[in-house]
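Below: the structure, in structure tokens.
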Amino acid sequence: MEYNFTEIEQKWQSYWSSGKTFRVRIDPSRPKYYVLDMFPYPSGAGLHVGHPLGYIASDIYARYKKLKGYNVLHPMGYDAFGLPAEQYAIQTGQPPQKTTEQNIRRYREQMDKLGFSYDWDREIQTCDPSYYKWTQWAFLKMFHHWYNKDSSKAEPIDRLIDAFNVQGNGQVQAAHHCQKIFSAREWHAFSEKEKEDILMCYRIAYLGETTVNWCAALGTVLANDEVKEGLSLRGGYPVEQKKMKQWQLRVSAYAERLLEGLDRLDWSDSLKEMQRNWIGKSDGTEMEFRVSNGSETFSMTVFTTRADTIFGVTFMVLAPESEWVEKLTVPGKRKEVEKYLAYVKTKTERERMTQTHRVTGVFTGSYATHPFTGKEIPVWVSEYVMAGYGTGAIMAVPAHDRRDYIFAKHFDLPVIPLIEGCDISSESFDAKEGVMCNSDFLNGMTVQEAIPAAIREVEKRKLGKRKTNYRLRDAIFSRQRYWGEPFPIYYQDGIARTLPESSLPLELPAIDSFHPSESGEPPLARTKNWTYQGYPLETSTMPGFAGSSAYYLRYMDPHNPHALVSAQANKYWQDVDLYIGGTEHATGHLIYSRFWNKFLYDLRYVCKDEPFRKLVNQGMIQGRSSFVYRIKNTNTFVSCNLKDSYETTEIHVDVNLVTGDRLDLDAFRAWNPEYKDAEFILENGEYICGWAIEKMSKSMFNVVNPDTICARYGADTLRMYEMFLGPLEQSKPWDTNGIDGVHRFLRKFWRLFFDKDGNLYVNNHVPDGKELKILHNLIHKVEEDIENFSFNTTISAFMISVNELADLDCHKREILEPLVILISPYAPHIAEELWTLLGNSPSVANASFPVFNPEHTKEQTFEYPVSFNGKLRFKKQLGLNLESEEIIRLVVEDVRTEKYSGGEKIKKVIVIPGKIINIVI
RNA sequence: GCUCGGGUGGUGGAAUAGGUAGACACGCAGGACUUAAAAUCCUGUGGACAGAAAUGUCCGUACGGGUUCGAUUCCCGUCCCGAGCACCA
């Protein structure tokens with residue numbers, strides 16, 4: 001019988017789905033294990049071979065854990081709200097509901113072909129009202145809570161109001177951005193609007209004025225993680241900084257907990273490091289400077305991590321956006337400053353970031369007084385100081401800060417060195433080392449001593465106090481978009497009011513035009529009756545990360561109409577034990593969902609404060625793009641190695657028209673009408689394409705569809721091959737060379753179960769030591785490798801074992817049956833088929849993982865006389881005094897021998913001279 | 001610039017509480033079976049040198065040092081590649 005993968009795979013896929021083989025339920029008698037994939041955004045392009053990489057790995061692990069007796073939750077769903085569907089809707093008029101549904105269907109078809117063990121009864125789609133009800137619900141909870149720094153958790157806003165009623169806000173330790181300090185009496189006197197405005201500054205979900213990333217081309221604001229190098233992540237359009245009133249989440253309140261929680265997570269160091277950088281904790285000091293513009297005197301605060309350099313401050317710098325600029329610009333400088341501010345405004349965020357070498361700035365005309373020396377120091381404005389970090393103003397120490405140094409040199413400001421013997425003739429000395437000088441009471445101390453000493457002095461003189469700053473900003477939560485969750489918010493006399501929980505979900509209305517309105521308002525603004533009890537509803541929608549922030553909780557209890565997740569389900573499933581997905585979510589989703597989860601934890605809706613215990617980042621599978629070279633202004637294409645003699649344009653060509661870099665000329669002509677009359681200049685009768693490794697994407701024509709591979713080799717081969725390609729976490733280009741090897745192996749595996757005539761043949765003979773050794777070595781290896789996510793090396797082990805068993809012509813049930821179980825996580829279809837052919841009832845998923853017995857693999861242990869014949873050079877370790885020809889007797893723990901024509905010879909001895917030492921002879 | 005990874009045959013990659021480097025696979029070369037092809041199987045395959053051959057010797061894990069009886073593995077320095085952050089005071 002031949003290995004007919006098409007038939008086998010179809011048969012078992014339909015068996016699994018109709019029999020609901022992978023349905024899971026709460027079962028207190030078994031330990032739980034939760035294996036989660038980052039759910040995909042269903043794009044119009046469908047899955048390419050890179051997408052399933054992580055899914056295959058998680059499926060292997062989930063099946064393995066199931067075999068190990070765990071009750072495994074392994075769900076899948078779709079992150080269905082998002083920009084691309086809406087962009088597509090704008091271009092084509094197709095409603096996103098419709099295209100999203102189509103894409104989901106396509107994704108599902110493709111995934112089904114790969115034989116995943118998902119419990120599809122738990123599928124969720126973030127655009128489904130029964131799901132986003134709970135996204136809106138969480139938002140309402142955040143609106144109604146504030147962050148108490150004393151208890152380090154979120155608490156109901158009513159309790160804050162109680163505090164205001166009794167004592168005002170002076171003593172309240174809260175994460176907030178309220179500028180006013182008021183007494184209880186003042187609080188009582190405020191109007192309702194005033195009270196609401198104040199409370200808004202304390203809510204965890206709040207509406208606030210802030211500098212946002214505004215993307216004009218997309219017509220929406222974007223979160224920091226959606227912007228890269230001044231361009232939008234989606235589409236690559238320019239992004240500018242703009243002050244706008246937006247919904248935000250007070251993620252910054254959780255900065256310390258988000259940072260500290262990382263220590264308890266089993267994530268890769270690099271990912272943790274990325275999150276640490278993103279949170280950007282820095283310990284320093286806030287220091288006050290008296291500043292005068294000639295007529296008025298103010299107290300201005302700056303933040304520094306180098307309080308020790310206080311005596312090197314020779315000027316101050318304000319961010320152009322800082323409110324101090326207005327106050328400190330003297331009349332004589334007004335024109336100049338305004339001109340500078342106008343100049344800064346014309347620069348896009350991207351320009352400001354890429355043109356960092358350009359030194360710009362302007363003097364305000366004001367002076368600050370140095371708190372220790374009393375000297376007057378000028379206050380400047382420059383774009384190199386950022387409004388959003390610290391206080392938007394800095395004390396500049398040109399001798400010991402690179403940026404300040406460059407600025408000082410450019411504008412000819414004084415530089416005072418503070419470290420003995422440091423060379424600052426061409427650049428600043430930024431290292432935190434050396435002995436202080438020119439620094440009054442700090443002189444003679446090392447930098448490490450001077451930092452705390454300076455802070456102590458600052459605090460003693462009441463010039464400032466210790467402060468920890470975080471780079472992490474609050475998340476901007478509104479998008480001027482249609483295809484997202486509507487906010488359960490309406491406006492009454494300019495006050496934001498929440499819809500009652502009982503009215504959720506607030507469903508997204510169907511609309512017919514997806515363009516933003518003329519005035520730049522979101523599409524919902526044009527929707528008739530977008531009101532609640534006659535009051536206008538919020539017209540922006542929630543961002544992409546809203547729906548993905550708690551989906552892992554919903555999988556635990558996906559159909560519950562009364563709660564996001566019941567306490568019972570949450571208590572059983574707890575948290576995600578293994579989360580697999582790409583690094584691209586390091587500073588987005590993985591921060592937001594940790595924040596979201598911590599918030600729900602504070603409110604006791606979930607029992608774990610960290611959602612994802614272990615996280616593995618699968619690498620990206622890149623595409624191998626092919627190129628043709630068109631001679632400029634012609635329709636003639638020249639082969640790769642001849643292209644240097646012509647002036648050519650490089651054009652991407654569909655990789656499916658190329659075999660081993662040779663272009664199929666007819667297929668190329670048929671590919672695109674533009675090329676139907678193409679002429680070719682060949683080399684050796686062939687057209688050779690150029691190539692490059694790039695991101696796999698439709699626009700590069702380098703997409704390899706898993707369906708094609710499945711049709712040709714079967715899903716089991718694809719699954720094993722993707723794992724065989726290399727370490728899971730490593731990025732690697734897709735290369736179909738080598739897939740034959742894996743396919744050959746599976747055929748060989750199949751043939752192991754048949755006799756020479758091709759009849760199924762399995763006997764009940766008792767296996768001998770050799771066969772048992774092969775099996776148990778393999779059990780050991782598979783177990784070890786799966787636990788270490790080293791899926792590629794397991795496959796080698798399978799290949800070796802199967803070859804050995806084939807050589808022994810082994811058809812023993814006791815060996816072959818466990819072998820089927822071992823391979824089932826990798827190649828589930830072939831395993832199911834063989835499992836039933838062996839007379840077992842389906843499915844192998846319900847079998848248990850074979851037990852490793854070291855007795856079967858153990859090598860001999862005995863005392864052995866060993867002659868070292870002068871090759872022994874281990875006297876020191878052994879504590880022996882040996883002459884070269886001496887023969888010694890050692891207690892040997894293990895001896896490895898090797899057969900050769902003359903008999904056996906010793907290759908390796910493991911001795912115990914107090915400590916185990918490996919010796920190779 | 002800073003942080004974190006990484007550099008091993010023609011290729012993807014094995015092997016690190018330090019102990020036979022190159023598992024396994026691809027590719028390539030040769031062979032068997034076949035009218036032929038496909039499929040399958042076998043043999044060889046890091047480099048250099050010696051030998052008819054079995055085999056042996058030397059060199060080899062980016063480069064230069066160090067620790068060690070022994071280093072792909074540990075330490076120091078240099079170079080290169082990848083990823084992330086990037087005026088964060």
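The values are calculated or read from the model by the stated rules, or taken from the named source; none is laboratory data. Small disclaimer: the values here were computed from a predicted structure and weren't measured. Reconstructed Cβ throughout: ideal geometry from the backbone, glycine too, with neighbour counts over all protein chains shown. Heads up: the accessible areas ignore ligands, DNA and RNA and are worked out on the full protein's heavy atoms, side chains in. Shrake-Rupley method; radii C 1.70, N 1.55, O 1.52, S 1.80 Å.
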| Per-residue SASA entry for A:Lys812, accessible area with 1.4 Å probe, Å² rounded to 10 | 30 Å²
| message | Straight-line reach from A:Lys770: which lysines fall under 28 Å, measuring Cα to Cα and dropping same-chain residues less than 8 apart? | response | A:Lys68, A:Lys748, A:Lys756, A:Lys781, A:Lys812, A:Lys858, A:Lys899, A:Lys905, A:Lys907, A:Lys908
| said: With a cut-off of 8 Å between alpha carbons and a minimum separation of six or more residues, what is the relative contact order of chain A in percent? | reply: 13 percent
| query | Counting only protein heavy atoms and using a 1.4 Å probe, what share of the accessible area of region A:192-309 belongs to carbon plus sulfur, as a whole percent? | reply | 44 percent
| Karplus-derived 3J(HN,Hα), 6.51/-1.76/1.60, for each residue of region A:791-799, Hz, glycine and proline x | 6, 5, 6, 4, 5, 4, 4, 4, 4
| note | To the nearest 10 degrees, the tilt of helix A:589-602 (Cα long axis) against the first principal axis of the alpha carbons of chain A is 80 degrees
| task | Let me know the charge dipole size of chain A about its Cα centre in debye, to the nearest 20, where only the beta-carbon of Lys, Arg (+1) and Asp, Glu (-1) is charged. | result | 1480 debye
| query | Given a 1.4 Å probe, how much area per residue of chain A is accessible, in Å²? | reply | 46 Å²
| said: Placing +1 on the Cβ of each Lys and Arg and -1 on the Cβ of each Asp and Glu in chain A, which of A:Gln97, A:Tyr61, A:Thr135 has its Cα farthest towards the positive end of the resulting dipole? | reply: A:Thr135
| Against the longest principal axis of chain A, how steep is helix A:334-346, in degrees 0 to 90 to the nearest 10, with axes from Cα atoms? | 20 degrees
| query | For region A:188-262, what class follows from the C-alpha gyration tensor (a ≥ b ≥ c being the square roots of its eigenvalues): rounded when a/c is under 1.5, otherwise prolate if a/b is larger than b/c, else oblate? | reply | oblate
| note | Note on region A:635-683: alpha-carbon gyration tensor, axes a ≥ b ≥ c; rule is a/c under 1.5 for rounded, else prolate if a/b larger than b/c, else oblate; result oblate
| note | Non-local residues with an amide H under 5 Å from the amide H of A:Tyr34, with H modelled 1.01 Å from N and Pro and chain starts lacking one, are A:Leu73, A:Asp577, A:Leu578
| task | Provide the packing ranking of A:762-775, A:674-687, i.e. peptides ordered by the mean count of other C-beta atoms within 10 Å per residue, highest first. | result | A:762-775, A:674-687
| said: Can you give me the angle between helix A:769-787 and the longest principal axis of chain A, using Cα atoms only, in degrees from 0 to 90, rounded to the nearest 10? | reply: 10 degrees
| note | From the Cα centre of region A:539-608 to that of region A:235-293, the distance in Å is 21 Å
| task | Could you sort A:141-154, A:72-85 so that the peptide with the highest average Cβ count within 10 Å comes first and the rest follow in order? | result | A:72-85, A:141-154
| remark: Counting only protein heavy atoms with a 1.4 Å probe and every protein chain in place, the carbon and sulfur fraction of the accessible surface of region A:502-559 in whole percent equals 47 percent
| note | Binned at 20 Å starting from 0, the alpha-carbon pair-distance distribution of chain A in whole percents comes out as 11, 33, 33, 19, 3, 0
| remark: Taking chain A and a Cβ-Cβ threshold of 4.7 Å, the cysteines left without a partner are A:Cys127, A:Cys215, A:Cys422, A:Cys437, A:Cys607, A:Cys640, A:Cys689, A:Cys710, A:Cys810
| task | Among A:Asn165, A:Gln241, A:Ala223, flag the residue with its Cα farthest along the positive direction of the charge dipole of region A:149-247, charges on Cβ as +1 for Lys/Arg and -1 for Asp/Glu. | result | A:Gln241
| query | Amide H neighbours of A:Gln125 under 5 Å, counting only residues 5+ apart in sequence or on other chains, H built in-plane at 1.01 Å? | reply | A:Tyr78
| task | Answer with one residue from A:Trp267, A:Leu36, A:Leu413: the one whose Cα lies farthest towards the positive end of the charge dipole of chain A, charges on Cβ with Lys, Arg +1 and Asp, Glu -1. | result | A:Leu413
| task | Only loop residues by DSSP count here, and only those with at most 11 other Cβ atoms within 10 Å; note down the GluC sites (Glu not before Pro) in region A:182-283 that meet that. | result | A:Glu229
| Which value in deg cm²/dmol, rounded to the nearest 500, describes the helix-derived mean residue ellipticity at 222 nm for chain A, given -39,500 (n - 2.57) per DSSP H run of n ≥ 4 and division by the residue count? | -9500 deg cm²/dmol
| field | Within the accessible area of region A:389-454 (1.4 Å probe), percent carbon and sulfur | value | 50 percent
| task | Based on the mean of other Cβ atoms within 10 Å per residue, sort peptides A:486-498, A:578-590 so the most packed one is first. | result | A:578-590, A:486-498
| task | Would you please classify the overall shape of region A:452-590 from the alpha carbon gyration tensor, given that a ≥ b ≥ c denote the square roots of the eigenvalues, rounded means a/c under 1.5, and beyond that prolate means a/b larger than b/c while oblate covers the rest? | result | oblate
| All lysines inside 25 Å of A:Lys193 as judged from Cα atoms, apart from same-chain residues fewer than 8 positions distant | A:Lys141, A:Lys180, A:Lys243, A:Lys245
